[in-house]
1. Within region B:58-101, work out how many residues are assigned to a loop (DSSP other than H, G, I, E, B) and either closer than 25 Å to A:S133 by Cβ or among the β-branched types (V, I, T) (or both).
2. (1) over 26 Å from the mean Cα position of the chain (by Cα); (2) within 22 Å of A:T76 (Cβ to Cβ); (3) not small (G, A, S): which one isn't true of A:F201, the others all being true?
3. For region A:1-52, which residues satisfy the criterion of being within 7 Å of another protein chain (Cβ to nearest Cβ), hydrophobic (A, V, I, L, M, F, W, C) and surrounded by 15 or more Cβ atoms within 10 Å (Cβ to Cβ)?
4. Here is a check on your reading of the model: is A:S50 hydroxyl-bearing (S, T, Y), in contact with a strand residue (DSSP E or B) (Cβ under 6 Å, 6 or more places away or on another chain) and closer than 29 Å to A:V290 by Cα?
5. If A:S55 meets every condition in (1) outside any loop (DSSP other than H, G, I, E, B); (2) within 27 Å of the chain's Cα centre (by Cα); (3) of a type outside the set (V, I, T); (4) surrounded by fewer than 17 Cβ atoms within 10 Å (Cβ to Cβ) apart from one, which number is that one?
6. Just to be sure, is A:G94 within 26 Å of A:T147 (Cα to Cα) and at the interface with chain B (Cβ under 7 Å from one of its Cβ atoms)?
7. Within region A:63-154, considering only strands (runs of 3 or more DSSP E) that don't extend past its boundaries, which have at least 2 residues that are surrounded by 15 or more Cβ atoms within 10 Å (Cβ to Cβ)?
8. For the condition at positive phi and more than 7 Å from every other protein chain (Cβ to nearest Cβ), what is the one hit in B:V88, B:V96, B:V64?
Amino acid sequence: MNLHATAGNFGVGLTNATYWASDKKLTEFKAAADTTTGVWGGKLAIDVTSVSLSSNALRATTDITVAFMLPVTTDTVTAASDFVAVQLPYQWMGVSGWMDGSATATASLKLVTTTGTGAAAKTTKTAVKGAVSQISGCNVVFALDTTATKLAEGSSYEFTLSSVPTAENAVFGAQMNLGSLVISVGKVATGGFGYSSAQLFNALASQAAPKGKALLEFSSTTVAVSRGTYTKNAVCVQPATGNFAADVSVSVQGTAFKTNPAVLSAKMGSTKVCADMGTSSKTQMSTHCVRWTVNNGTAQYTNLPTLMATVNGALATVNVPDKVTCSFDGSSVPIVVTSSALPFADVTVALKVSIAADEKKTDNSVGITPTAGELVTLKVG
Amino acid sequence: MAVVGTTTASSNEPSATMTAVVARSLVNVMDVGMVSFTITPKIADFGGDSLAFISFPTYYNPCVGDMMRCSLYDTKAKADGERLYCMVAWDYTLQVMGPATA
């Protein structure tokens, strides 16, 4: 947020996805006051001496180690800091697993002390007790334990963020050297006071596919799925460039989303492989992170990125003929049942007699006797 | 969602019956933190088909935050509950999708 002396208002509106899609209107709204002002807390850039990553491979994991020294400020504002926060650069495009809660962040902090000089210099690293207290797609806040000795100005530290999923997007991964990683310190009660400046330490390395592997991509990283049905050819998998250099098969993880066929298999030399994708009629109308497993071809290809599937409530139609031609004294009437989309779960259709709502209760089905228990089932396969 | 000329007492509310209270852990400019909204809907439960739109005061960033994590807060367990998908619908306005069940 920006510096401000007067707190403003939030506006909180509620609606439902169907009403919003058709009318763009809210059903309820309330303004709510923000709590307080926001002030500038930074005094002097944190002295970051190095940033290193254990891996620079796309769609892998890496340990980020930041060595820094807290400079002495004129008013000792960063003394006794009790949190360390890291913000990943924009080019990382965040960690979707942190955002949707399917992954957690692990961090550690060490106090680095050096005694002696020259050949006699001895460096000791002492763990500072704490835990990750806040996390978002690209931010991690590590709060010191109440029993831990708080950060001191003039002291050196090593902060490690472990097993961080690396960037998934090849274009932005290649631009990681242009990104600004930010490390900050402060006090949980009174806010952040020290921030790093990316211009003052080494740039991150660009991230690319691991050596010997090529990137596997979706033709589109976002899909729209109507719940309760399969969306035709919703998802297509292809190499980032050229044709498949090996037989490859992939499948969706979890049970919320399914593809038809269940496994997407591409032969070497083919350009891409596509499948229908569907989800249950009970799935919430939201955007879901859908993750994939590469079953075959892992020696040649990377993992797939996270697919963002937006589920809508559009309904499909089951079609039955509104009239049939009968033969007098015939034994059966063929009736064709179709649907506008492949159902996610089996849909059964039964024929029943039709009695008009008029006073005479006219039997519209006179002469026709539906066979008891005879059902038409619309299903995958 | 224009909230022009509104106050907490009166605004262009389609229904003024719900309640909303804000708390935040952000203190200083550039801080990373949490803003919590305690909302009591009156017309319908906040469920799988629901949407919430939250407009932020303009001293926040137009993009509100980067890769935000939104979740329901479990008041009994005093911990984050179900994660909710959220995104910036337009400048200063966050769109939050409803949970799997109300």
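The values are calculated or read from the model by the stated rules, or taken from the named source; none is laboratory data. Every value quoted in this text rests on a predicted model; they were computed, and no experiment measured them. Using ideal geometry, Cβ is built from the backbone for each residue, glycine included, and neighbour counts are taken over all protein chains shown.
1. Within region B:58-101, the subset assigned to a loop (DSSP other than H, G, I, E, B) is B:58-69, B:75-78, B:85, B:91-92, B:98-101.
Adding the requirement that they be either closer than 25 Å to A:S133 by Cβ or among the β-branched types (V, I, T) (or both) leaves B:58-61, B:63-69, B:75-78, B:85, B:99, B:101.
Going through region B:58-101 one residue at a time, the tally reaches 18.
2. Looking at each condition in turn, A:F201 falls short on (2).
3. Listed by number, the residues that qualify are A:M1, A:F10, A:V12, A:L14, A:A17, A:W20, A:L26, A:F29, A:A31, A:A32, A:A33.
4. Working: hydroxyl-bearing (S, T, Y): yes; in contact with a strand residue (DSSP E or B) (Cβ under 6 Å, 6 or more places away or on another chain): yes; closer than 29 Å to A:V290 by Cα: no.
In short, no.
5. Every condition holds for A:S55 apart from (1).
6. Numbers: within 26 Å of A:T147 (Cα to Cα): no; at the interface with chain B (Cβ under 7 Å from one of its Cβ atoms): yes.
Here the answer is no, as A:G94 does not meet what is asked.
7. Numbers: elements: A:83-87, A:106-115, A:122-128, A:130-135, A:139-144.
In region A:63-154, A:83-87, A:106-115, A:130-135, A:139-144 are the strands (runs of 3 or more DSSP E) which contain 2 or more residues that are surrounded by 15 or more Cβ atoms within 10 Å (Cβ to Cβ).
8. On the way: B:V88 fails: at positive phi; B:V96 fails: at positive phi.
Among B:V88, B:V96, B:V64, only B:V64 is at positive phi and more than 7 Å from every other protein chain (Cβ to nearest Cβ).
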